[in-house]
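Let me begin by presenting the structure, written as structure tokens, before commenting on it.
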Amino acid sequence: MADGSTSSPDEAPHPAWVRLLLPSVVDIFFVALLSVLVFTPVSVRLLGDAGIGWHIRTGQQIVATHAIPRVDPFSSTMQGKP
């Protein structure tokens, strides 16, 4: 062919809506990972920790300040102490 394409003349390109409806490999991987984390015993172990809220909030503070906290900002009795 003169235009350098490798497809045969009988093959029509897929319409744009078909490409939007077909999941990509990343979509399939995301759904599989989400399913494993939600519908298996892994979810109980992952979120079963009593201190998960503390861990998440501390992680947010680390990301915001770019430093590891040296004092306890969350305790009502030991606030501001190491």
Practice task
Could you state, as a whole-number percent, how many of the C-alpha pairs of region 16-65 are farther apart than 18 Å?
Solution key: 58
Handout entry: Point-to-point label distance, VAL71-VAL42, nm (Cα→Cβ direction, 7 Å offset)
Key = 4.0
Problem - Of the chymotrypsin sites (Phe, Trp or Tyr not before Pro) in region 35-79, those whose Cβ has at most 16 other Cβ within 10 Å and which sit in DSSP loop - result: PHE74
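Read the figures in this text as sums done on the coordinates, not as results from a lab. Everything quoted here is computed from the prediction, not taken from an experiment. Note that each Cβ is placed from the backbone with ideal geometry, even for glycine, and that neighbours are counted across all protein chains shown.
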